[in-house]
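Okay, so here's the structure we're looking at.
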Amino acid sequence: CVAACADVQKVGVIGPVNRGFKTNIGSPWNMSLNDMACVNCGQCISACPVGALHEKDGTQEVWAMLADPEKIWLGVRDFSLEHVPLRSRFGNNLTRGIMRLACGVDVTDTQTGLRAIPAKDLSLMCSIDGERYEYETEMLLSVRKAGVGIGEVVIETVYINENETSHFHPLKDSWKIYKIIFRHMLRAKR
């Protein structure tokens, strides 16, 4: 997979990281491939000798959207599964409860990035401010406010080493999310 990235695509965004028994294939400093020069060609997936890499299959969401095109469809994680790290399960369950009680947004996964969006709702999605975790929160609140329905399809989730390479910083990123929720709550009371 490293050779496919470096030699075939001439991109070279993945390679061996860490040392000793913790050596694995990844990006430098565990950066997201979205923040690097990755062109999403899939060559690393095709060449992976151990099957550790796989593409994200969004066909379930597309079929669901075709069956009910009035909704935005979310690919959601199942947090009840045994392999879900405690911090992911706890954090999402807490945020999900607050979003439901305080904002009327009832979803299974508050931070999914996998969505199928009908063309009629693209202008709404493009008008939402924020990036990453903040965007996901703003998106759910904006969709609720606009009266757009939300559907869900459970997706496979892979957590490697208790999700130790996650870019989510529990205090800093939680504050960003909850600040948006609290601001929404204050506006709603006016």
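The values are calculated or read from the model by the stated rules, or taken from the named source; none is laboratory data. Given the structure is predicted, the values throughout are model-derived calculations rather than measurements. We place every Cβ from the backbone using ideal geometry, glycine too, and count neighbours over all the protein chains shown. Accessible surface areas use protein heavy atoms only, side chains included; no ligands, DNA or RNA. Shrake-Rupley method; radii C 1.70, N 1.55, O 1.52, S 1.80 Å.
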All but one of (1) in a helix (DSSP H, G or I); (2) at pLDDT below 80 hold for Leu53; state the number of the condition that does not hold.
(1)
Considering each of Gln9, Gln60 in turn, give the residue that is open to solvent by 60 Å² or more (accessible area, probe 1.4 Å) and more than 23 Å from Val148 (Cβ to Cβ).
Gln9
Among the residues of the stretch 91-106, write down those that are assigned to a helix (DSSP H, G or I), at pLDDT 85 or above and open to solvent by 20 Å² or more (accessible area, probe 1.4 Å).
Gly91, Asn93, Leu94, Arg96, Ile98, Arg100, Leu101
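Tell me, please, whether a residue that is within 19 Å of the chain's Cα centre (by Cα), of a type in the set (A, V, I, L, M, F, W, C) and either assigned to a loop (DSSP other than H, G, I, E, B) or closer than 21 Å to Phe79 by Cα (or both) can be found in the stretch 179-190.
The answer is no; no qualifying residue exists.
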Among the residues listed as Phe21, Phe79, the single one being at negative phi and part of a helix (DSSP H, G or I):
Phe21
I need the full set of residues from the stretch 112-123 which are open to solvent by less than 40 Å² (accessible area, probe 1.4 Å) and either more than 16 Å from Ala146 (Cβ to Cβ) or not in a helix (DSSP H, G or I) (or both), in order please.
Thr112, Ala116, Pro118
Residues in the stretch 111-127 that are of a type in the set (Ser, Thr, Tyr) and at pLDDT below 85 total 1
Sort through Ser80, Ser46, Ser88, Ser32 and tell me the only one that's small (Gly, Ala, Ser), surrounded by 17 or more Cβ atoms within 10 Å (Cβ to Cβ) and out of contact with any Pro (no Cβ under 6 Å at 6 or more places or on another chain).
Ser88
Hey, Glu156 outside any helix (DSSP H, G or I) and over 18 Å from the mean Cα position of the chain (by Cα) or not
no
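Considering only residues that are of a type in the set (Ser, Thr, Tyr) and assigned to a loop (DSSP other than H, G, I, E, B), look in the stretch 24-50 and name the one that is modelled with the lowest pLDDT.
Residue satisfying both the conditions and the ranking: Ser32.
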From the list Gly147, Gly130, pick out the single residue that is modelled with pLDDT of 90 or more, open to solvent by 20 Å² or more (accessible area, probe 1.4 Å) and on the phi > 0 side of the Ramachandran plot.
Gly147
Please state which one of Arg100, Arg144, Arg132, Arg115 is in contact with a His (Cβ under 9 Å, 6 or more places away or on another chain) and of a type outside the set (Asp, Glu).
Arg132
In this structure, does His184 turn out to be modelled with pLDDT under 90, more than 30 Å from Ser27 (Cβ to Cβ) and not small (Gly, Ala, Ser)?
yes
